[in-house]
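A short write-up of the structure that comes next.
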């Protein structure tokens, strides 16, 4: 009798220990005790022939019998909120797993996830876990799959549009970005208004000066008033560029880079008489000079320069050209060369630079 009581006590102690172990690990070990069905239950619902798995963390052991290729298990989600289930098959590459979320009225499949996804969210009710054998139908195959409950969430919660909370930020950001531009416009308001109201008057005065220059350039050399031409050229500034193009036509040479813009117009028929316009950008040119060069080496010389500048043989010394300024030079050259090139050189930000247009100048007007 004492032996019987001792055996019962040991058994109870072992059951308590196993129960504590299962609770401590939060995992249930479930072994297939009957052959799992191959097809989903019908309208009658989950019957007694189904292995029903809880939503807790579980490890399930099962076997594919001979010629058995599919096992279906039911999983019962008791929470009224949605539950995220993570799943996988371990230790057997010849078995695949998927979980099917079912419509609780028609038992049709609404969503499924395979092992590549490894996770699915299920609502309250019964859903299906499908195990499938991958080949090797002539022998029994043991498998082991794991279920993990990753927690609940309320998918039916109402979403509230909180975009209105960001409206003050958008207004502040817009004003913050626009304010610098408004400050610049305010500082330059006089210049902007003057340029808009005085553009027509400036253009008219430019046309008068350019017409005068055109007449003087076409006159005989003996009757040219160089002081008058010099004064006219000095009145032309940066804003005269387009007006000159309208009066004298398209330049024969146009060359521009990020540092300088060069144009050359022919102002008298016959031999070489030209007007050169030089417009600097945001860099100052120091010790600038113009050189008329002949590609084939024939001699060519500069005969006269207006306004008066130092020149010798084929080179004119311009001096320093300030940033964002425009300089106009009228020159006459003579020589037997059929064509010539123009070079403009100087020092920009401490480095020597040469601007060389690719097109040559025909000494005789075509």
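The values are calculated or read from the model by the stated rules, or taken from the named source; none is laboratory data. Because the structure is a prediction, the values reported are computed rather than measured. So basically every Cβ, Gly included, is an ideal-geometry build from the backbone, and we count neighbours across all protein chains shown.
Quick notes
- Failed item in (1) farther than 30 Å from residue 104 by Cβ; (2) within 43 Å of the chain's Cα centre (by Cα); (3) at pLDDT 65 or above; (4) surrounded by fewer than 10 Cβ atoms within 10 Å (Cβ to Cβ), with residue 162 passing the rest: (3)
- Condition check for residue 60: within 44 Å of the chain's Cα centre (by Cα) and surrounded by 19 or more Cβ atoms within 10 Å (Cβ to Cβ): no
- Listed by position, the strands (runs of 3 or more DSSP E) inside region 290-366 whose residues that are out of contact with any strand residue (DSSP E or B) (no Cβ under 6 Å at 6 or more places or on another chain) and either under 12 Å from residue 274 (Cβ atoms) or in the same structural domain as residue 274 (by TED's automatic domain parsing) (or both) number at least 3 are 351-355.
- Selection count, region 107-146, where residues are part of a loop (DSSP other than H, G, I, E, B) and either surrounded by 12 or more Cβ atoms within 10 Å (Cβ to Cβ) or modelled with pLDDT under 90 (or both): 14
- Single residue of 322, 258 found to be at pLDDT below 85 and surrounded by fewer than 17 Cβ atoms within 10 Å (Cβ to Cβ): 258
- For residue 268: the one exception among (1) buried (at least 17 other Cβ atoms within 10 Å of the Cβ); (2) at pLDDT 80 or above: (2)
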